[in-house]
Amino acid sequence: MKKIMSGNEAIAYGAYLAGIKMGAGYPGTPSTEILENFARYPGVYAEWSVNEKVALDVGVGAAYAGARALVTMKHVGLNVAADSLFYVAYTGMKGSLVIVNADDPSLHSSQNEQDNRHYARFAKVPMLEPADAEEAKCFVKYAVEISETFDTPVIIRTTTRLSHSRAVVSLEEEPAREASPAEPAAYERNPAKYVMVPANARARHPVVEDRLKKLAAYAETAPFNCLEDGDSALGIITSGVVYQYAREVFPTATFLKLGMVYPLPAGLIRELAGRVKQVLVIEELDPFLEEQVRLLGIPARGKDIFPNLYEFSPGRVRQCAAEAGLISPQEKKTFSIPALPARPPMLCPGCGHRGVFYALQRLRTATFGDIGCYTLGAAPPLSALHTCGCMGASIGVVHGVDKVGVKDRTVAVIGDSTFFHSGVAPLINVFYNRGTSTVIVLDNRVTAMTGHQPHPGSGKTLMGEEAPLISVEEVARGIGFKKIDVVDPYDFKNVVETIKEHVKSGEPSVIVARHPCVLYTRERHAPYTVNLQACNECGNCLRIGCSPIGKVEGGVAIDASLCIGCGFCAAVCNQNAITQVS
Amino acid sequence: MKKIDFLFAGVGGQGTILASDILAEVGLRCGYAVKKSEVHGMSQRGGAVESHVRWGEKVYSPLIEEGSADYLLGFEMLEAARWPHFLAPGATALVNRHRIMPPAVNLGQARYPEEKEIEDILSQAGARVVWVEGAAKARELGSPAVAGVVLLGTLSNYLAEPVEIWRAVIEEMVPPKFKELNVKAFQAGREMTAKNK
């Protein structure tokens, strides 16, 4: 039986087949669907932890207790979890630990284009990289075997193109529920291995170095590192989805296809170099493989031909190869495409965030932002968000700005899921350090950006169970905040007055702007319509950036099929020209 | 087995992804190796969506190469106009006659291209442009959401794969309560172009 699966679905399926019983992660494009799919298999436990570091610690605990554990996150999530990666690299575990980490070349939905293969070398742990969905399924099993054989966490690296492309996967007849060799049992105490105080950790370091040597030796004969015979002009070293592009462009070359990108099989690389006139390394982002190949004394070419920016494609690999004279140049057709209007993503019609950002735009605050749907508040015409760096950064940043005495009105805005992820600690910091910042929590009750995953403020778990609903305002109250208000972001006048008053107050404060995500709840009311006689073309309603509202001759019109009837445009219309269709 | 590459272009929320999943599944059932690629993420916030579907004896890359798409399925006119460089000479562009205004046009800062301009852009590549009344037909059937399946019906006329396979895949892959509607939409798309082909 065969089925078309995305890379992410295949990883989840592979995890199930490999006997993984516990999964933890934090949503992040393009990794999110792995855990969502894994959670649907029978006999497993999966959770959205509050952040990636907690998820990794949860996975470590399960693995310490003898289970097979899976932890998933996007590339920048591993920055959050890095501290945990480095200790578990030293301790190893009783069961097994597979970390799936999704890079995002071309920054389809990320703040940077970091190449997480460096984490494998940095933390001295093995990293596998599948090239299609079938391999994604199989590689989870390999990862579990490596983890258990070598007593090490194993990272599986995917990229957006692998995670979100679909290919044919062979189904295994009866998912064999293999028993873990180390059955989950009472936690075995072994302080010398698991208590990383200096004396113990010092003793573990040589174990880690020795393990890497053994892994490098294993890499020489591992089934996923393959020398594929071809002609002797070019020998191409590559991995992951880039292998697929290279295969199309160089159909007859000799290939060393690496399924494990760290540590590398020096013997296989030398063997390839001995067979061909020129070694070529084709890899997206950094020259991670190329540098290691060159350290072996092999004069490989790579980044001088294939750039270290953005994702590749067959066309891009072909063009670079042609420019370098490796293949005959393509006849290039040129097209005249007039400048077409772009179609950037925007806040959805009826999104509650719009109300807060429009108020902030009117109040001309300096607004320090965070990661989520609401980052779209930076886009015109709202243009009301002035920084966005990483998860949880907004509150620390506004505190720093306020501490040096900036005279602008300042606020931090952070989403609910982001608040629980990494906003609580900086909120404590503001209060403890006698800060005066105003923090607005945009609470839509769900992790919306990544496709509506539940979080501690949703009242539900990934397994679909009811859960205690943790209230943002109660958390703030528990810290000691006195000035806390909850507003409905559609209530425009109240939102403006509340923000004004908080910013002026000179004390640390929290505003919770709460309206459940309308895309998630599918909230819909009768649409609004414009009376062109009353419209004076002031443009207020166009400045809220709501896609159903468009300019027409003599005023504006609202596309009734897209309008969800939130009424916010009517609230900002000074002429009462916008009314609900009865 | 001949390779066939399909490029889908549309706007988030138009059902582009589901339609391309259906096409991939049809390919699999007809014995092709199939790969498919799409970009998610911000797309459901009304951004542009593209999806690549590849059928062939053996398919390596999940992405189509520039200059080699055999079919363009434009779910929205402006989105279709962005891809002439992907089309193979002699390709067929099936374009849903449907305009969704991007923000810059709504704000009066940009102009939506005329139908003729879009046709010219696409035919530079040597493509044949076929306008499909998918949006109108879908409205007539009572749901704008099925315009994409109308387009698939049209596409099926250009391919040799048996219609029973198309129908079976659609019935399995759409939400059960919209099964009948989608089959109707597919049939409508098939009939519309059988005439003017």
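Where a number appears in this text, it was derived from the coordinates with a stated rule and is not lab data. What you see is a predicted model; the values in this text were computed from it and never measured. Note that each Cβ is placed from the backbone with ideal geometry, even for glycine, and that neighbours are counted across all protein chains shown.
Karplus-derived 3J(HN,Hα) values for the stretch A:163-169, using 6.51 cos²θ - 1.76 cosθ + 1.60 with θ = phi - 60°, are 4, 10, 9, 10, 8, 7, 10 Hz; glycine and proline are entered as x.
In chain A, a dipole from Cβ-located charges (positive for Lys and Arg, negative for Asp and Glu) runs towards its positive end, and of A:VAL404, A:ALA24, A:ILE414 it is A:VAL404 whose Cα lies farthest in that direction. For the pair A:GLN278 and B:GLU117, a Förster radius of 51 Å applied to the C-beta separation gives a FRET efficiency near 0.65, rounded to the nearest 0.05. Within 10 Å, at most 16 other Cβ atoms, and a DSSP state outside H, G, I, E, B define an exposed site. Report the longest part of chain A free of exposed GluC sites (Glu not before Pro). So the longest stretch without any such site is A:1-171. When the Cα positions of B:LEU151, B:ASN182, B:PHE8 are compared along the charge dipole of chain B, B:ASN182 comes out farthest toward the positive end, with charges on each C-beta of Lys, Arg, Asp and Glu. Over the stretch A:2-218, all Cα pairs binned in 10 Å intervals from 0 give whole-percent P(r) values of 9, 37, 38, 14, 2, 0, listed from short to long. A Förster distance of 56 Å, applied to the separation of the beta-carbon atoms of A:GLU553 and A:GLU501, puts the FRET efficiency at 0.85. Can you classify the stretch A:411-452 as rounded, prolate or oblate using the Cα gyration tensor, where a ≥ b ≥ c are the square roots of its eigenvalues, rounded means a/c under 1.5, and otherwise it's prolate if a/b beats b/c and oblate if not? Prolate is the answer for the stretch A:411-452, as a/c is 1.5 or above and a/b outweighs b/c.
Normalised by 2.2 N^0.38 Å, where N counts its residues, the alpha-carbon radius of gyration of the stretch A:410-485 equals 1.15.
Taking the inverse of the mean 1/r over every pair of distinct Cα atoms in the stretch A:454-582 gives a Kirkwood hydrodynamic radius of 17.4 Å. Phi-derived couplings, Karplus 6.51 cos²θ - 1.76 cosθ + 1.60 at θ = phi - 60°, listed residue by residue for the stretch A:433-438: 8, 6, x, 10, 6, 9 Hz, with x used for Gly and Pro. The alpha carbon radius of gyration of chain A, expressed as a multiple of 2.2 N^0.38 Å, is 1.08.
Please find the FRET efficiency linking A:GLU188 to A:ASP83, where r is the Cβ-Cβ separation and R0 is fixed at 25 Å, and quote it to the nearest 0.05. Could you put the intermediate results ahead of the total?
On the way: r = 24 Å, r/R0 = 0.96.
Result of the calculation: an efficiency of 0.55.
When every alpha-carbon pair in the stretch A:1-94 is counted, what percent end up more than 16 Å apart? I get 53 percent for the Cα pairs in the stretch A:1-94 exceeding 16 Å. P(r) tail for chain B, what percent of Cα pairs lie past 26 Å? In whole percent, the long-distance tail amounts to 26. Relative to its Kirkwood radius, the Cα radius of gyration of the stretch A:205-266 gives an Rg/Rh of 1.09. Spread over its residues, the convex hull of the C-alpha atoms of the stretch A:528-580 is 65 Å³ per residue.
Which of the GluC sites (Glu not before Pro) found in the stretch B:1-102 are in a DSSP loop and have at most 14 neighbouring Cβ atoms, other than their own, within 10 Å?
Hits after loop and neighbour filter: B:GLU57.
Under 5 Å from the amide H of B:GLU161 lies no amide H of any residue 5 or more positions distant or on a separate chain, with H modelled from the backbone and absent for Pro and chain starts.
Put a dot 7 Å past the Cα of A:GLU173, heading toward its Cβ, do the same for B:GLU171, and the two dots end up 2.9 nm apart.
Karplus-derived 3J(HN,Hα) values for the stretch B:132-140, using 6.51 cos²θ - 1.76 cosθ + 1.60 with θ = phi - 60°, are 10, 7, x, 5, 5, 5, 5, 4, 4 Hz; glycine and proline are entered as x.
Ranking A:VAL281, A:SER232, A:CYS348 by Cα position along the charge dipole of the protein assembly as shown, where only Lys, Arg, Asp and Glu carry charges on their C-beta atoms, puts A:CYS348 farthest toward the positive end. Taking the empirical scaling 2.2 N^0.38 Å for compact globular proteins as reference, the stretch A:353-521 has a Cα radius of gyration ratio of 0.96.
In a reduced charge model with +1 at each Lys and Arg Cβ and -1 at each Asp and Glu Cβ, the stretch A:353-521 shows a dipole moment near 540 debye about its Cα centre. Here the Debye sum runs over all C-alpha atoms of the stretch A:193-303 as equal scatterers in vacuum, and log10 of I(q)/I(0) at q = 0.16 Å⁻¹ comes out as -0.71. Label positions at A:GLU323 and B:ARG99, each projected 7 Å from the Cα along the C-beta direction, are separated by 3.8 nm.
Under a plain spin-label model, where a point goes 7 Å from the Cα along Cα-to-Cβ, how far apart in nm are A:CYS538 and B:GLU140? According to this spin-label approximation, the distance is 4.4 nm. Positive contributions from Lys and Arg (+1) and negative ones from Asp and Glu (-1), summed over other residues with Cβ under 13 Å from the Cβ of A:ASP229, come out at -1.
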